[in-house]
Amino acid sequence: MEWEPVIGLEVHSQLLTRSKMFCACPTDQEQQAPPNTRVCPVCLGMPGTLPVINRRAVELTMMTGLALNCSINEHTYFDRKNYPYPDLMKGYQISQFPNPIAIKGWMDVEVDGQTRRLGITRVHLEEDTAKMMHIHEPSGESYSLVDVNRSGTPLMEIVGDPDMHSPEEARQYLMKLHSILRFLGVSTADMEKGSFRCDANVSLRPRGSTVLPPGKVEVKNMNSFRSVARAIQHEIERQGRVLDEGGRVAQETRGWLEDKGVTVSQRSKEHAHDYRYFPEPDLPPLVVSRQQVADMRSRLPELPDAMRERLVAQYGLPAYDARLLTASRATAQFFEQCVASSGTKGEAQKSRAKAASNWMLGEQARLMGLAQKELEDYPEPLRKAWMTGINQLADLVESGTLSSTQAKAVFEDTFATGREPKAIVQEKGLAQVSDSDAIGVFVEQAIAANSSAVADFKSGKDNAVKFLVGQVMKLSKGKANPGLVNALLKGKLDALKNG
């Protein structure tokens, strides 16, 4: 039997609000406060306390729903989701089930050069749970601790339709969703810090069938786009072996072990009715007018797809560059501000745009990667200094004052200190020599000192030219214009060969 994977993703994203979902405690997404210090009777689940809805969290969830082409329910409410676990302070979670904020959306993703429209079942709002820490002492003693700081943080869940059929589709879906959330500014969407978490539902059916399989496996504990793709691929292969041997795939929750590249069974999979959902009696229903939805839609920023198309059309960028630059709103804005500050117009602006893109996606991305930081992590004055630096370096390379290698070294200094490249070049005496007479002297010296290389060239060994170029660069202490060196050296050698 040939099997077809059926994949659906559930994404949880912590929302960027100052306070928690149902109380006034500050959220603890960035500060990393000491355990159990961002708490109050409400998020501790003390008897007699009453929750109050965070209006901003509702607005951010509506905004996300609209960006994902969803319909916004005019009447919605919160539910109690009942299941026993130590990270639930109240013994239940306030969530949404039958009537979420947003429903029936879609998102286009490109896979193998083809566009696939993938459905969004729902976008709903709930509270995050506390964080469990499992301790294993060297003595052999094991115990668990609970940090309640995270409990009550506004958590948006985006449930995708089960209409993906490959790990790559799932990876592209996640990457695009991640980009949209960052563009909207609703979440940091940091997978390593847990503000963007994904569970994958995976099952197999006979290829050609349109019926959803009766059971599914939920895979958890994936903390990168690559991990999601690897875990899904492993689960497809594991389930295929079970079915090929005549077995039945158990409906369960499995955890992904990144270091071993396998999934392991965690617990049997619950059905929705096992949670005993019922309307939250301590919270009023939410009523959203059509005018409120229209106002929210008008405030949506330019989204990645639209901006990517505009960058290609306006600046003549390759689609690849435009896709990387629109991975986050901060990166896209930095790029456009950098090009605008150059003062270039027309074709000159397109040339500068490509140069800026190359610096951002090359050296700047490399240095930020080494520092393990995002663009938003750096102070604004330093980011503005980088814009000035990129434009100055583009001018210095274009005029022949710096070679590309020299320019990269200068940018490292600008990246770290914010100093202007022109000042660095002057201080370190890095200006490239482009005077033909001056370089001609070095060429003459290199030829005179390396007669064997000249003989090799005359005998047809073209590699001798590369050696002699290196000698000229050495004599000029790396300051000679490489293009001019090549031209002068080749002309001199040809004259010697033909003479």
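Coordinate-derived values only; no laboratory data. Note that this is a predicted model, so its numbers are computed, not measured. So basically every Cβ, Gly included, is an ideal-geometry build from the backbone, and we count neighbours across all protein chains shown.
Assorted remarks:
- Percentage, to the nearest whole number, of Cα pairs in region 1-58 over 14 Å apart: 66
- Built amide H within the under 5 Å cut-off of M164, gap 5+: I7
- Over 31 Å (Cα to Cα) - which of K216/K260; K350/K384; K354/K492; K20/K176; K354/K466 fall in this group: K354/K492
- Shape call, region 304-428: gyration tensor on alpha carbons, a/c limit 1.5: oblate
- Cα gyration tensor category, rounded, prolate or oblate, for region 374-422 with a/c compared to 1.5: prolate
- Excluding same-chain neighbours fewer than eight residues apart, the aspartates and glutamates reachable from K408 by a Cα-Cα span under 18 Å are E363, D395, E398, E420, E427.
- Rounded to the nearest 500, the helix-only mean residue ellipticity at 222 nm of the chain stands at -13000 deg cm²/dmol, with each DSSP H run of n ≥ 4 adding -39,500 (n - 2.57).
- Ranked packing of 249-258, 45-54, most packed first, by mean Cβ within 10 Å: 249-258, 45-54
- Read-out Cα extents along the principal axes in Å, derived from the coordinates shown; its label in (i) 91, 55, 53; (ii) 81, 67, 47; (iii) 96, 57, 55: (iii)
- In order along region 34-39, the phi-based Karplus estimate (6.51 cos²θ - 1.76 cosθ + 1.60, θ = phi - 60°) of 3J(HN,Hα) comes to x, x, 6, 10, 9, 9 Hz; Gly and Pro are listed as x.
- Listed by chain and number, the aspartates and glutamates whose alpha-carbon sits under 16 Å from that of K458, ignoring those within fewer than 8 places in the same chain, are D494.
- Anisotropy class of region 176-330 from Cα gyration tensor, a/c 1.5 cut: oblate
- Remark: spin-label model distance L367-Y85 equals 4.3 nm, labels positioned 7 Å along the Cα→Cβ axis.
- Distant-in-sequence amide contacts of S19, defined by a placed amide H-H separation under 5 Å and a gap of 5 or more residues or a different chain, comprise T27.
- Protection proxy ranking of 461-473, 12-24 - average other beta-carbon atoms within 10 Å, highest first: 12-24, 461-473
- Karplus (6.51, -1.76, 1.60) ³J(HN,Hα), θ = phi - 60°, over region 303-314, in Hz, Gly and Pro reported as x: 8, x, 4, 5, 5, 4, 4, 5, 4, 5, 6, 7
- Close amide-amide hydrogen proximity is noted between D79 and S95, Q96, F97, E280, each under 5 Å apart and 5 or more residues distant or on a separate chain (H modeled in the peptide plane; Pro and chain starts excluded).
- Paramagnetic reach from S209 (point 7 Å along Cα→Cβ, amide N under 17 Å) across region 238-253: 238-252
- Once the Cα atoms are used to define both axes, helix 225-244 deviates from the longest principal axis of the chain by about 60 degrees.
- Helix 55-67 axis, angle to the chain major axis (alpha carbon atoms, nearest 10°): 60
- For region 8-21, 3J(HN,Hα) per residue [Karplus equation, 6.51 cos²θ - 1.76 cosθ + 1.60, θ = phi - 60°, Hz, x = Gly/Pro]: x, 10, 10, 10, 9, 9, 5, 8, 7, 10, 6, 10, 6, 5
- Gain upon complete extension [A495, S224; 0.36 nm per residue less C-alpha separation]: 91.6 nm
- Nearest 10 degrees, 0 to 90: helix 329-341 Cα axis against the chain principal axis: 30
- Simple point charges give the picture: +1 on the Cβ of Lys and Arg, -1 on the Cβ of Asp and Glu, and for the chain a dipole about the Cα centre of about 820 debye.
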